2 protein chains.
Amino acid sequence: MTKKMGADALPLNTILAGDCIEMMNSLPEASVDLIFADPPYNLQLRGDLHRPDNSRVDAVDDAWDQFASFEVYDRFTSAWLKAARRLLKPNGAIWVIGSYHNIFRVGTALQNEGYWILNDVVWRKANPMPNFRGKRFTNAHETMIWASKEEGAKYTFNYEALKSLNEGVQMRSDWVLPICNGHERLKDDSGEKAHPTQKPESLLHRVLVGSTNPGDVVLDPFFGTGTTGAVAKMLGREFIGIERDEGYRKVAEKRIANVRKFDRDALQVSASKRAEPRIPFGQLVERGMLRPGEQLYSMNMRHKAKVRADGTLVGGDVKGSIHQVGAALEGAPSCNGWTYWCIRRDGKTVPIDIFRQQIRAEMAERPI
Amino acid sequence: MTKKMGADALPLNTILAGDCIEMMNSLPEASVDLIFADPPYNLQLRGDLHRPDNSRVDAVDDAWDQFASFEVYDRFTSAWLKAARRLLKPNGAIWVIGSYHNIFRVGTALQNEGYWILNDVVWRKANPMPNFRGKRFTNAHETMIWASKEEGAKYTFNYEALKSLNEGVQMRSDWVLPICNGHERLKDDSGEKAHPTQKPESLLHRVLVGSTNPGDVVLDPFFGTGTTGAVAKMLGREFIGIERDEGYRKVAEKRIANVRKFDRDALQVSASKRAEPRIPFGQLVERGMLRPGEQLYSMNMRHKAKVRADGTLVGGDVKGSIHQVGAALEGAPSCNGWTYWCIRRDGKTVPIDIFRQQIRAEMAERPI
DNA sequence: AACCACCATGAATCGCTGT
DNA sequence: TACAGCGATTCATGGTGGT
């Protein structure tokens, strides 16, 4: 790892050991092009959580995620954001990632410190952890805030590169990417995950391609196991990491040493598989294409069923999905409800599948 | 529109004219089940925005949407959230929708006022307006925050209904729904859109099916053209709207008058098993479905236990309920004995839960 | 080699009711 | 109000080990 330290020179491609606020304040002002920050989320978890198979969820219970109150968290957030802003060049920018536990505090602090929000970007996880108790929505996304140093500042935005990454369509504010697992997930010597919240390289790839140029200096004040540094090196950007945990630093050093610049595989990971879009029948009801209470008729006209507000059917004394009710009424092991159930429109009998085709056609015009 | 006003009675299915904070404070406390709020966005657009072909984009530039500073906006936000919280029943909940311009302030204020965030939900727009200048990401989503009145409060969550709406997979925190246009988009007399930020009915359908029950009272303090009221009426919920703009109120009145409520049985929604009547295991023994001394086998066939006359089990040297013995033998923190224990019938292995289902079916025919 | 069954796991603010 | 007992609850992915 190169270490250039001189009067006003930056410690490029180095991981600095220590508290991020102190370390940032020791660096020269207006010297960094981009900051990517993944601060503690302040999760406030209570007891243990078990999966339905009784295995225990390995939660984030590390000391670095514990704060006494919102007030303490807010002070911490404002302090590191202030130090970060001092480091940014006038046309620099910042990305911060978080979840609903902390991201509203972070966004407020960003605005209060004078940053100018450019977009919030949603990372839609292709494979999130489910909600095991069925008490809330699956927590399937995290939020990133992208902001410039101040209102009116110029900032780097590689519009065409992002468009290319997105199959020729303008990049949107929601990114579907898988979470970090498999071989990319770093393990410690005992085979356990080295860091509880390692971010996928595909995410950083899109951030750095979109908002930096080759040779730019990228700083990450919560470096962890160094995803930002690894991707920066691949893409020919300079990085500075700050991390106070020695274990994480060691893993990151080793990881980054093994990275080759311009690794083409990185481009491959960034695109998540796009499956044939699945249209839930319930969406026809939500979108008003079918009305709750409306009659459906079986293709052979032998059976009827009524649509309910939650997208299930009632036919005779059978309740369930369009497929379940069709199968039950026909005494068949399975049934494709989309082609089995029909509606009457203008005296004609039409399968409900026409609505699904309509939605798919809309989606094809403007892909996911 | 019905108007029932009395001592402590609620003005159900009415649009109240006036300032939302004053009007909320005039209503009785702890009287509302759900609040849905779409507050002004504080967009701070500088000058007009033009498409590449120079046609003007009709941005949100109404006077009510301008705020002098974040401080003023924060005061306003805290004030209406406080008034709203007073109105909520102890087990009530709130939804607030916004974009990056205001949602971070709103989320922070929610937490500061004592609400407890349950999820943030991203409305992923299927057909957003592109970013014409190519200087940022297409702003393709809005954020909703769902919160209960305080930590530990119960709240309504129709898990099974939402799962049905989503083709049998639990509902995630990212919802893909189209924006409101076409016939659903209300026009004023001159053919212009009646409201700049009319929300789609599909969005409210999912919110109300998921977090209210029929007959619940839903309040919308920024009623606009009344999407909340229209969908509440369809779904057999009661609404209260507050709107200070007379033009919006008139459009909303007319709109809601034309809405038909769905059939009562169409509003029945897939129920959770938690709502089913509780059957003591001992009843199976009393009714002779299982005989004292009969052998039960664990689902994985690794353990056996014997039924006793009082409805407890003996397995190895463990005695207790079907759940306790199952948990002890598996070394698990808990166990559902109904699905864990099986009997042999005609060479097949069947969970004892079939007996419970049988009893429940009898009870449905002849309710107690 | 190809395929399949099985298992492990991921930033999680994850009960309710009767005594 | 604290405590104990009942019993409800998961999706996508990737690795491993066997046929």
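The values are calculated or read from the model by the stated rules, or taken from the named source; none is laboratory data. Note that the coordinates shown come from a computational prediction; the quantities given were computed from them, not determined experimentally. Every residue, glycine as well, gets a Cβ built from its backbone with ideal geometry; the counts of neighbours run over all protein chains shown. These accessible areas exclude ligands, DNA and RNA; they are computed on the full protein's heavy atoms, side chains included. Shrake-Rupley method; radii C 1.70, N 1.55, O 1.52, S 1.80 Å.
Selection of segment A:18-52 for residues being open to solvent by 40 Å² or more (accessible area, probe 1.4 Å), within 16 Å of DNA strand C (Cβ to nearest atom) and more than 12 Å from chain B (Cβ to nearest Cβ) yields only A:Leu45.
Yes or no, residue by residue, for (1) crowded, with 24+ Cβ neighbours inside 10 Å; (2) of a type in the set (A, V, I, L, M, F, W, C); (3) part of a strand (DSSP E or B):
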position: A:His101; (1), (2), (3): no, no, no
position: A:Gly114; (1), (2), (3): no, no, no
position: A:Ile117; (1), (2), (3): no, yes, yes
position: A:Asp120; (1), (2), (3): yes, no, yes
position: A:Arg124; (1), (2), (3): no, no, yes
position: A:Met129; (1), (2), (3): no, yes, no
position: A:Gly134; (1), (2), (3): no, no, no
position: A:Ile145; (1), (2), (3): no, yes, yes
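Results for (1) assigned by the TED database to the domain that holds B:Tyr159; (2) in contact with a Gly (Cβ under 9 Å, 6 or more places away or on another chain); (3) on the phi > 0 side of the Ramachandran plot; (4) in contact (Cβ under 8 Å) with a residue 40 or more places away in the chain, shown as yes or no for each residue.
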{"residue": "B:Glu294", "(1), (2), (3), (4)": "no, no, no, yes"}
{"residue": "B:Lys306", "(1), (2), (3), (4)": "no, yes, no, no"}
{"residue": "B:Asp310", "(1), (2), (3), (4)": "no, yes, no, no"}
{"residue": "B:Gly315", "(1), (2), (3), (4)": "no, yes, no, no"}
{"residue": "B:Gly320", "(1), (2), (3), (4)": "no, no, yes, no"}
{"residue": "B:Glu330", "(1), (2), (3), (4)": "no, no, no, no"}
{"residue": "B:Trp341", "(1), (2), (3), (4)": "no, yes, no, yes"}
{"residue": "B:Thr349", "(1), (2), (3), (4)": "no, no, no, yes"}
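The residue that is nearest to DNA strand D (Cβ to nearest atom), counting only those in segment A:105-135 that are among the hydrophobic types (A, V, I, L, M, F, W, C) and under 17 Å from the mean Cα position of the chain (by Cα), is A:Ala126.
Could you list all residues from segment B:304-357 that are more than 9 Å from DNA strand D (Cβ to nearest atom) and charged (D, E, K, R)? Within segment B:304-357, B:Lys304, B:Lys306, B:Arg308, B:Asp310, B:Asp317, B:Lys319, B:Glu330, B:Arg344, B:Arg345, B:Asp346, B:Lys348 meet the criteria. Residues that are assigned by the TED database to the domain that holds A:Gln198, basic (Lys, Arg) and away from DNA strand D (no atom under 16 Å from the Cβ) occur in segment A:56-77; there is at least one. In the set A:Val285, A:Val231, only one residue is modelled with pLDDT of 95 or more and either within 14 Å of chain B (Cβ to nearest Cβ) or within 17 Å of A:Ile352 (Cβ to Cβ) (or both); that residue is A:Val285.
Would you say A:Ala30 is of a type outside the set (Phe, Trp, Tyr), assigned to a loop (DSSP other than H, G, I, E, B) and at pLDDT 95 or above? Spelling it out, A:Ala30 is indeed of a type outside the set (Phe, Trp, Tyr), assigned to a loop (DSSP other than H, G, I, E, B) and at pLDDT 95 or above. Quick one: would you say B:Phe223 is assigned by the TED database to the domain that holds B:Trp95, buried (at least 23 other Cβ atoms within 10 Å of the Cβ) and of a type in the set (Phe, Trp, Tyr)? For B:Phe223, the condition - assigned by the TED database to the domain that holds B:Trp95, buried (at least 23 other Cβ atoms within 10 Å of the Cβ) and of a type in the set (Phe, Trp, Tyr) - is met. Among the residues of segment A:319-368, just one is within 23 Å of B:Asp265 (Cβ to Cβ), surrounded by fewer than 17 Cβ atoms within 10 Å (Cβ to Cβ) and not basic (Lys, Arg), namely A:Glu330. Residue pairs whose Cβ atoms lie under 6 Å apart, sitting 6 or more positions apart in sequence or on different chains, and linking a residue in segment A:14-36 that is on the phi > 0 side of the Ramachandran plot to a partner that is open to solvent by 10 Å² or more (accessible area, probe 1.4 Å), are A:Gly18/A:Arg244; A:Ala30/A:Lys89.
Scanning segment B:170-200 for residues that are open to solvent by 40 Å² or more (accessible area, probe 1.4 Å), of a type in the set (D, E, K, R) and not in a loop (DSSP other than H, G, I, E, B) gives B:Arg172, B:Glu184, B:Lys187, B:Lys193.
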